[in-house]
Amino acid sequence: GSEVALNRKLVDSVKIALASGMRHVDLAEMYGNDEEIGLAVKESGVPRSELYITTKVLKSVEDVKGATRSCLSRLGMSHLDLLLLHAPFLPEGTSLQQVSVHSRHV
């Protein structure tokens, strides 16, 4: 397979932050590090119920449901606490109407 190795330094850095008491984890689709964050949370032993997980969508704004499901799968989590649009503009060729119709009941 063409699996990309996880960034162990990032995993360990997040674990240190969680051990230090940080509880808000801010992700974004464009960062591409959901797997590392999910692993760090799992390895940290901090219960998910103590964390506030935020992510932001930009590239997949026309399919917010799909982007959210994919993010949750990569994180190994069942829910997010906050989902944001990453920037105040849409990718070229995407209309606000498309986003509104496809993102209801995420």
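The values are calculated or read from the model by the stated rules, or taken from the named source; none is laboratory data. All values derive from a computational prediction rather than experimental measurement. Note: accessible area is taken over every heavy atom of the protein model, side chains too, but ligands, DNA and RNA are not part of it. Shrake-Rupley method; radii C 1.70, N 1.55, O 1.52, S 1.80 Å.
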| remark: Row for the stretch 1-60, column shape: gyration tensor on C-alpha, a ≥ b ≥ c, rounded if a/c < 1.5 i.e. under 1.5, prolate if a/b over b/c, else oblate; value oblate
| message | Rolling a 1.4 angstrom probe over the protein chains, ignoring ligands and nucleic acids, what is the accessible area of Ser73 in square angstrom, nearest 10? | response | 90 Å²
| field | Accessible area expressed per residue, the stretch 23-81, with surrounding protein chains retained (probe 1.4 Å, Å²) | value | 50 Å²
